[in-house]
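The values are calculated or read from the model by the stated rules, or taken from the named source; none is laboratory data. In this text the structure is predicted, and so the values were computed from the model without any measurement. Cβ placement follows ideal geometry from the backbone for every residue including glycine, while neighbour counts extend to all protein chains displayed.
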Amino acid sequence: MSDFPFADRLSTLPPYLFAAIDKAKAAVKARGVDIISLGIGDPDLPTPDFIIEALHEAAKKPVNHQYPSYIGMLEFRQAVADWYKERFTVGLDPESEIVTLIGSKEGIAHFPLAFINPGDMALVCTPNYPVYNVATNFAGGEVEYVPLVDGNDFLPDLDAISEESWKRAKMIFINYPNNPTAATAGPEFYAKLIAKARESDTIVLHDAAYTEIYYDAADKPASILEFEGGKDVAIEFHSLSKTYNMTGWRIGMAVGNPSLVKGLGKIKENCDSGAFQAVQEAGVAALKKGEPFAEQFRAIYKDRRDTVIAALQKIGIECRVPKASFYIWAKVPHGFSSTDFCTNVLEKTGVVITPGNGFGKPGEGYFRISLTVPSDRLEEAVSRISKL
Ligand code: MLT
């Protein structure tokens, strides 16, 4: 059997963070260890029944067995527009300012192909979801990293980015509520970012997948499109995955500046044939009737957050109390690197946590806990860690 060499873009690629963690987890599990997985942010709670029923009904319709529309069903895009209006008071034209995605990861991964030429540069705020830099590289672009540090509340210091970099940057990737740091961004940050992006003609790609996981109504995260000029420069990626426990369904949306939406749509026309229409119909149901369920999920995550924070504080592990997202970004104990600590924890306790450096260099010294298992298992996980 011939062993074909990969293209350069693959041979220089590090292993995908969560695939590598899955592999390490499987090896420990094979020894019969009871694994508690606080790794990937994949909600354990089931998708609400009414969404499953909507899928069931929609799956019976023969029209949904044929190719979907490339940019998505108008009905789904209209539901997204209505949801954005209700949730963020942002008006969107479903015809030109919304495209349906097969999950937001798919859209984010494809977007640079529409706007990055070989040699162009993108600013990636890091630690980050690995897809941002990989997608930039796949499009032939170069990445300039912008560090997110505790001292600046894990927001990029926009003034520390040189004039030259702003001029060169084709786009900047931001993500609030942030994965992995759980930081949130306020109006001043968005206003400044939009001003900088307008001055330098830089596209802002905002990954907003976690806006619906917040712990206090006063801290409800914003859409960048709420702010003056947001639509001039930004495209926002959103998803039903985290809000309604639908990671397996692969349904999301990109919204915002019409030329950015159009460019992404052109790439998608050539790469995929759209999201299964029955899933889009179920997505319509979720967007229209999902809010009371999202409220219940937030209460569950809040209970889990408080359980873990109390347990970590008890054993002297430092972390901020997150206002949003279902992640906890904690400091590794003195004397360990992120990788050593997480490997040790997995090998000796069966608890999967994600090393901060897996999200980029400024993540060194941290680890991430995902609150996607029940409180008793979270307590058990911290108790096992404390015995190390
Ligand atoms: C994460 O754990 O960082 C995310 O769940 C990964 C993803 O959303 O693809």
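A few notes on this one:
- Qualifying positions in the stretch 279-324 - touching a strand residue (DSSP E or B) at 6+ places or on another chain (Cβ under 8 Å), in a loop (DSSP other than H, G, I, E, B) and surrounded by fewer than 19 Cβ atoms within 10 Å (Cβ to Cβ): 318, 320, 323
- Scanning the stretch 96-115 for residues that are part of a loop (DSSP other than H, G, I, E, B) and either within 13 Å of the ligand (Cβ to nearest atom) or surrounded by fewer than 19 Cβ atoms within 10 Å (Cβ to Cβ) (or both) yields a count of 3.
- Inter-residue pairs, beta-carbon under 8 Å, first within 16 Å of the ligand (Cβ to nearest atom) and in the stretch 116-132, second hydroxyl-bearing (Ser, Thr, Tyr) and modelled with pLDDT under 95, 6+ apart: 130/16
- Some residue of the stretch 66-85 being within 16 Å of the ligand (Cβ to nearest atom), surrounded by 19 or more Cβ atoms within 10 Å (Cβ to Cβ), in contact (Cβ under 8 Å) with a residue 12 or more places away in the chain and of a type in the set (Gly, Ala, Ser): no
- Of the set (1) more than 15 Å from residue 35 (Cβ to Cβ); (2) in contact (Cβ under 8 Å) with a residue 24 or more places away in the chain; (3) within 15 Å of the ligand (Cβ to nearest atom), all apply to residue 375 but (3).
- Taking residues in the stretch 268-285 that are assigned by TED's automatic domain parsing to the domain that holds residue 109 and among the polar types (S, T, N, Q), and partners anywhere that are modelled with pLDDT of 95 or more and not in a loop (DSSP other than H, G, I, E, B), the pairs with Cβ atoms closer than 6 Å and at least 6 places apart or on different chains are 277/64; 280/76.
- Residue among 343, 354 that is within 14 Å of the ligand (Cβ to nearest atom), of a type in the set (Ser, Thr, Tyr) and touching a residue at least 60 places away in the same chain (Cβ under 8 Å): 354
- Selection count where residues are in a loop (DSSP other than H, G, I, E, B) and over 14 Å from residue 202 (Cα atoms), scope the stretch 126-176: 15
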